[in-house]
Amino acid sequence: MIRKQIIVFLLLVVPFVGTAAVPEEIEPLKKGNQEQISSKDYRERVLNYSLTLRESSEQTESVRQAMRQAKTSYLPNLDFSASGQYRVTDYDLDMMGSKVSMKPESYTLAADVYEVLYGGGAVREGYRSAKIQHQIASENEALTRSNVIYSAELNYWTTAAKAALWKLTNRYVQLIEEQINVIRDRFDDGLISKTDLLQIEGRLASAKIQRSEAYKSYLLSLQNLNIMMGCEPLNPVSTSEEINREDEIPQSVMSLDAALDRRSEYAISEYNVDFQRSQLKMNRSKFLPKLTVGMKAGWGTTMLNFDGSTMWNSYVYASLNVPIFHWGAKYKNVASQKAVLRSKEFAVQRVRDQISKELYEAYTKLVEYDKQIDMAEEACETTKESLELNTFSYNEGKLPIVDVLSAQVAWVQSRSALIQAWLQEKIAFADYNKAIGLQ
């Protein structure tokens, strides 16, 4: 009787995650100096490596340089030109019956300084559009950073959950193996039939398959963990934090207006409206007068080059272009741009609604998953107690082995459900942080 009670104690009271024997198939996870990485360190390493974020940063820099270029449109332009020609045939100019020999070569050097004094506001709106595009690019970079952080959080906690599931299946196999020893002793003593032994051996084979699948999933998660931070897939690394309950659940949902102020998507949608308004004005400027003034200084041979002498030829000029009639192109173009502007304004409201949906959906999931954890923990306690009682009753000869096997399955399923609930809460928490624009 005492021996049976000791066996039950060893099977169930031994801690779940700490004392499970390591099977031979998972030995590679223990080799080498395995690096333990926290969720915070992992996020920083992913951000430092992320090629997507680097690409977004370079795009922002490209737009910034384009903005600087647009600003130069306010300044005068300086052009330099040179031309020359050499006539391969002799030519004599007939001047009132007298032949005058012409030089075969001629050349001209010229410098031109000019500026658009009025272009219908095109220069001003061009620079304003470039500034808005730079703001959009900066918000896109912030959005990319937020998405990278979100992916890193999901990848880290998914790996931690896979580690917990692997440990659970490893413990499940150990539980059955220890039970088999009891059953074999009872079979050798002639207390039970071989049916009980065959049933539990079949369950052991099934449990080992589950452990193998859990091991495979864990290894794949570790490989993804390495790849996201720029390491070799087989780099020895593991999560230092175990999957568990989230401690910092907000007591109430953030207001929508506060979330909108922090969301890059909403800022981008508003900048798109400003950009389209600027584009509308630029299109109108195409049909307004344009005044350009400048000064041109040239030096070279004279127009009639008799002796190869040179001279300076400088002058100032003004150019005025006034569009008069273009078959209504202005009104059609403006109407088209106004339609695009209205669509951008509708997009702002659509993004607002989407953020509202994400915010309240994420918070609702977070609260409900927290409640589910309570239920899962209660289920774990119930199945643990049921397994203890069934195992003890079987050892007393009061229950068939089927009841013990069913209790074992219920126990491992309840533990698995708890781990899944922890993971879902972590995902919901990441969704909520993303919904409120927390980076």
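The values are calculated or read from the model by the stated rules, or taken from the named source; none is laboratory data. On a predicted model such as this, the values are computed, not experimentally measured, just so you know. Quick reminder, even Gly has a Cβ in these numbers, built from the backbone with ideal geometry, and neighbours come from all protein chains shown. Each accessible area value is taken on the protein alone, full model and side chains, heavy atoms only, with ligands, DNA and RNA left out. Shrake-Rupley method; radii C 1.70, N 1.55, O 1.52, S 1.80 Å.
Taking the criterion of being closer than 16 Å to S138 by Cβ and either open to solvent by less than 30 Å² (accessible area, probe 1.4 Å) or within 20 Å of the chain's Cα centre (by Cα) (or both), the residues of segment 262-282 that qualify are R262, R263, S264, E265, Y266, A267, I268, S269. Listed by first and then second residue, the pairs with beta-carbon distance under 7 Å, at least 6 apart or on different chains, first residue in segment 401-419 and over 14 Å from V173 (Cα atoms), second open to solvent by less than 40 Å² (accessible area, probe 1.4 Å) and outside any helix (DSSP H, G or I), are I419/I243. When M375 is tested against (1) farther than 30 Å from A164 by Cβ; (2) surrounded by fewer than 19 Cβ atoms within 10 Å (Cβ to Cβ), exactly one condition is not met: (1).
The sole residue among E388, E378 that is part of a helix (DSSP H, G or I), of a type in the set (D, E) and without any contact (Cβ under 8 Å) to a residue 12 or more places away in the chain is E378. Against the condition out of contact with any His (no Cβ under 8 Å at 6 or more places or on another chain), in a helix (DSSP H, G or I) and open to solvent by 40 Å² or more (accessible area, probe 1.4 Å), how does Q408 come out, does it pass? Spelling it out, it is not the case that Q408 is out of contact with any His (no Cβ under 8 Å at 6 or more places or on another chain), in a helix (DSSP H, G or I) and open to solvent by 40 Å² or more (accessible area, probe 1.4 Å).
If you filter segment 193-215 down to residues that are among the β-branched types (V, I, T) and either under 15 Å from Q174 (Cα atoms) or not in a helix (DSSP H, G or I) (or both), you find that the one that is least open to solvent (accessible area, probe 1.4 Å) is I200. Taking the criterion of being of a type outside the set (K, R), out of contact with any Asp or Glu (no Cβ under 8 Å at 6 or more places or on another chain) and not in a loop (DSSP other than H, G, I, E, B), would at least one residue in segment 244-251 satisfy it? No, segment 244-251 has no match at all.
On the stretch given as segment 180-192, residues that are open to solvent by less than 80 Å² (accessible area, probe 1.4 Å), over 12 Å from N395 (Cβ atoms) and out of contact with any helix residue (DSSP H, G or I) (no Cβ under 8 Å at 6 or more places or on another chain) total 1. For E141, are the conditions met, namely being farther than 30 Å from Q276 by Cβ, charged (D, E, K, R) and in a helix (DSSP H, G or I)? Against the criterion (farther than 30 Å from Q276 by Cβ, charged (D, E, K, R) and in a helix (DSSP H, G or I)), E141 does not qualify. F429 meets each of the listed conditions (1) buried (at least 17 other Cβ atoms within 10 Å of the Cβ); (2) within 17 Å of L175 (Cβ to Cβ) apart from (2). Counting only helices (runs of 4 or more DSSP H) wholly contained in segment 1-73, the ones carrying 3 or more residues that are among the β-branched types (V, I, T) and modelled with pLDDT of 50 or more occupy 51-71. If the condition is being out of contact with any helix residue (DSSP H, G or I) (no Cβ under 6 Å at 6 or more places or on another chain) and either part of a loop (DSSP other than H, G, I, E, B) or open to solvent by 30 Å² or more (accessible area, probe 1.4 Å) (or both), then segment 285-296 contributes K286, L288, P289, K290, L291, V293, M295, K296. Restricting attention to segment 157-172, does a residue exist that is touching a strand residue (DSSP E or B) at 6+ places or on another chain (Cβ under 7 Å) and either among the hydroxyl-bearing types (S, T, Y) or at pLDDT below 90 (or both)? Looking through segment 157-172, at least one residue is touching a strand residue (DSSP E or B) at 6+ places or on another chain (Cβ under 7 Å) and either among the hydroxyl-bearing types (S, T, Y) or at pLDDT below 90 (or both). Take the conditions (1) buried (at least 17 other Cβ atoms within 10 Å of the Cβ); (2) part of a helix (DSSP H, G or I); S393 misses just one of them, which is (1).
Being under 30 Å from S416 (Cβ atoms) and either within 27 Å of the chain's Cα centre (by Cα) or open to solvent by 40 Å² or more (accessible area, probe 1.4 Å) (or both) narrows it down to one residue among Y150, Y172; which is it? That would be Y150, the only listed residue that is under 30 Å from S416 (Cβ atoms) and either within 27 Å of the chain's Cα centre (by Cα) or open to solvent by 40 Å² or more (accessible area, probe 1.4 Å) (or both). Considering only segment 202-212, I want to know if a residue exists there that is touching a residue at least 24 places away in the same chain (Cβ under 8 Å), touching a Ser or Thr at 6+ places or on another chain (Cβ under 8 Å) and within 27 Å of K40 (Cβ to Cβ). No - not one qualifying residue is present in segment 202-212.
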